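Participant: Encoded as structure tokens, here's the structure I'll be asking about.
The numbers here are math on the coordinates, done by the rules we state, and not lab data. Quantities reported herein were computed from a predicted structural model and do not represent experimental measurements. Every residue, glycine as well, gets a Cβ built from its backbone with ideal geometry; the counts of neighbours run over all protein chains shown.
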Amino acid sequence: MKKIYLDYAATTPVDKKVLKAMLPYFGEKYGNASSIHNFGREASVAVEKARKLAADFFGAQPREIIFTSGATESNNLAIKGAVKAYWTDKNNNKKPHIIATSIEHHSILDVCESLKRDKLAEITLVDPQKNGVVKISDIEKALKPNTILVSVMYVNNEIGTVQPIVELGKIIKRYNPKILFQTDATQAVNYFDCDVNRLGVDLMSLSAHKIYGPKGAGVLYIRNSVAVKRIQDGGGQERNLRAGTINTPGIVGLGAAIKEIKNSKFKIKNGKIGELRDYLIGRVLKEIPKVRLNGSKIRRSPNNANFTFQNVEGESLIILLSQAGIAVSTGSACSSGSLNPSHVLLAIGLKPEQTHGSLRITLGKYTTKEEIDYATDKLKIIIDKLRRVSGNVLDEYYHKH
């Protein structure tokens, strides 16, 4: 049986060059990067090399790069740390206001809900348009005198829509230069310009395992002028902002993965991924009836295709595709165990029953046209089968009633 991986938004395979760079730090170069002896210095040099690679890629300074366990931790540190810094200032006696979109990753939405529940911040969630893109004017209308932070995901992890980050940054800073602008760039790093100065962001997060690096390593970019307080105690690592033993192999892998993105061949591969994505969308919309593409056709990541199939249960579809050797998902990998409707699809106007027929197909640099053709052919057969079963069940139900 063929094994075809089309779930790159959930995680990516580790690049061979990345693995090669990491291996020595699992074995002979095992020193703790915080130790001052030669073993520790060897690890520390490797960590700082990775920090420089990340800083150069994002147009930042090395001291603005904080290593974490991934984007979820980075998002928590960014938002909770900013709120903690706000309340640390004794002159602040009014509850701070945070703006986010309703289609953010749960590591943003749950943090906002936690702050609201604990009465530490006032929260406003802005809905996107039907195409999944947030209107700049809607963010602008939500700004208040007590707004301290705005968080907008660069590329949505479910429907792949690309937000107007540069334009949003200008509007926010025009209203009040002190408002922090944060973006979760996890799904953007592979495909879009992530220069923090061009984007106009103060805080930016990402995970290594989305860019052909290892799991358990991530970055939070914090602009030098930004006040963020630590939310985790136990050590002075990462400029006293992130306590815990430094994950040297993971950080080395993150740096190696970023180095590969800067390779000119990577851009060529991204162009081919976009062509394959368009080919996939074209075949599905043309050859399968009663299907809709979720999200913008134009402002979309080149690797993402998210569909809703009428009269099809998404979980059954995933299982049958998996049995055929094809790995896809219904949405965010972080929510795969949940039976709740996708908050992203609900926000762009789908009804709860429609969201259950959704399918996310995400491509990567190892995806081939042959794999797309095989997956599409199997998809057509499986959907037809599921619809016939669904139709028979409904016919039986109406016959009895």
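Participant: Which residues' amide hydrogens lie under 5 Å from the amide hydrogen of Lys135, considering only partners 5 or more residues apart or on another chain, with H built in the peptide plane?
Facilitator: Distant-sequence amide H within range of Lys135: Gln129.
Participant: Would you mind ranking Lys290, Lys119 so that the residue whose beta carbon has the fewest other beta carbons within 10 Å leads the list? Could the numbers behind the result be given before it?
Facilitator: Numbers: Lys290 12, Lys119 8.
Sorted ascending by nearby Cβ count, the order is Lys119, Lys290.
Participant: Starting with the highest mean, order 13-23, 226-236, 95-105 by the number of other Cβ atoms within 10 Å, averaged over the residues of each peptide.
Facilitator: Result, highest mean Cβ count within 10 Å first: 95-105, 13-23, 226-236.
Participant: Can you compute 3J(HN,Hα) from phi for each residue in the range 310-315, using the Karplus curve 6.51 cos²θ - 1.76 cosθ + 1.60 with θ = phi - 60°, rounded to whole Hz and x for Gly and Pro?
Facilitator: Those phi angles translate into 5, 6, 9, 8, x, 5 Hz.
Participant: Please give, to one decimal in nm, the separation of the simple spin-label points placed at Val389 and Lys135, each 7 Å out from Cα toward the Cβ.
Facilitator: 4.2 nm
Participant: I need the shape label for the range 25-99. Rule: rounded when a/c is under 1.5, else prolate if a/b > b/c, else oblate, with a, b, c from the alpha carbon gyration tensor. All intermediate terms of the calculation are to be shown ahead of the outcome.
Facilitator: Details: a/c = 2.83, a/b = 2.30, b/c = 1.23.
The shape class here is prolate.
Participant: Which order results if Thr124, Thr68 are arranged by neighbouring Cβ count within 10 Å, fewest first? Mind dumping the intermediate values first?
Facilitator: Numbers: Thr124 18, Thr68 27.
Least to most surrounded, the residues fall as Thr124, Thr68.
Participant: Assuming 0.36 nm per residue, please report the length gained on full extension of the stretch Phe266 to Tyr374 beyond their Cα-Cα distance.
Facilitator: Values: separation 108, 0.36 × 108 = 38.88 nm, distance 2.49 nm.
My answer for the length gained is 36.4 nm.
Participant: Which of the listed residues, Val291, Gly357, Gly218, is farthest toward the dipole's positive end in the chain, when Lys, Arg count +1 and Asp, Glu count -1 at the beta-carbon?
Facilitator: Selected residue: Gly218.
Participant: Between His106 and Thr245, what is the FRET efficiency for a Förster distance of 30 Å, r being their Cβ-Cβ separation, to the nearest 0.05? Show your work: numbers first, answer last.
Facilitator: On the way: r = 27 Å, r/R0 = 0.89.
My answer for the efficiency is 0.65.
Participant: Which peptide among 237-245, 81-89 comes first, and what is the full order, when sorted by highest mean count of other Cβ atoms within 10 Å?
Facilitator: Per-residue mean Cβ counts within 10 Å order the peptides as 81-89, 237-245.
Participant: Roughly how many whole Å is it from the C-alpha centroid of the range 75-107 to that of the range 191-268?
Facilitator: That distance is 20 Å.
Participant: Continuing with this model, one more query. List the residues, sorted by chain then number, that are 5 or more residues from Arg300 or on another chain and whose placed amide H is less than 5 Å from its amide H.
Facilitator: Here the answer is Val162, since their amide H atoms fall under 5 Å of that of Arg300.
Participant: List the residues whose amide H sits under 5 Å from the amide H of Ser102, counting only those 5 or more places along or on another chain, with H placed 1.01 Å from N in the peptide plane.
Facilitator: Those qualifying (amide H under 5 Å, at least 5 residues apart or on another chain) are Val126, Asp127.
Participant: Sticking with this structure for a sec: Count the net charge of all other residues whose Cβ sits under 12 Å from the Cβ of Ile211, scoring Lys and Arg as +1 and Asp and Glu as -1.
Facilitator: Values: positive: Lys210, Lys215, Lys259, Lys262, Lys365; negative: Asp15, Glu260.
Around Ile211, the charge tally is +3.
Participant: Placing unit charges on C-beta atoms (Lys and Arg positive, Asp and Glu negative, everything else neutral), compute the dipole magnitude of the chain about its Cα centre in debye, rounded to 20.
Facilitator: On the way: 59 positive and 39 negative charges, 155 e Å.
My answer is approximately 740 debye.
Participant: With an 8 Å Cα cut-off and a minimum separation of 6 or more residues, compute the relative contact order for the chain in percent. Don't skip to the end; give the middle numbers.
Facilitator: Numbers: 755 pairs, mean separation 90.4, N = 401.
It rounds to 23 percent for the chain.
Participant: Among DSSP beta bridges lying fully in the chain, give the percent that are antiparallel, nearest 5. Walk me through the numbers on the way to the answer.
Facilitator: Numbers: 20 of 38 bridges.
Percentage antiparallel, nearest 5: 55.
Participant: Please rank Ser35, Ser342, fewest neighbouring Cβ atoms within 10 Å first, as an exposure proxy.
Facilitator: Numbers: Ser35 13, Ser342 27.
Exposure proxy ranking, most exposed first: Ser35, Ser342.
Participant: Still on this model: Starting from the Cα coordinates of the range 200-289, work out the convex hull volume and express it per residue in Å³.
Facilitator: Numbers: hull volume 15.5 nm³, N = 90.
Per residue, the Cα convex hull of the range 200-289 comes to 172 Å³.
Participant: Turning to a different aspect of this structure: For the range 16-261, just run the numbers: alpha carbon Rg, then divide by 2.2 N^0.38 Å, N being how many residues it has.
Facilitator: Details: Rg = 18.0 Å, N = 246, 2.2 N^0.38 = 17.8 Å.
For the range 16-261, the normalised Cα radius of gyration comes out at 1.01.
Participant: Give me the net charge for the shell around Ile361: Cβ to Cβ below 10 angstrom, other residues only, Lys and Arg +1, Asp and Glu -1. Don't skip to the end; give the middle numbers.
Facilitator: On the way: positive: Arg277, Arg360; negative: Asp7.
Local net charge: +1.
Participant: I'd like the Karplus ³J(HN,Hα) series for the range 146-152: coefficients 6.51, -1.76, 1.60, θ = phi - 60°, whole numbers in Hz, and an x wherever there's a Gly or Pro.
Facilitator: So the J values, rounded to whole Hz, are 9, 5, 10, 7, 10, 10, 9.
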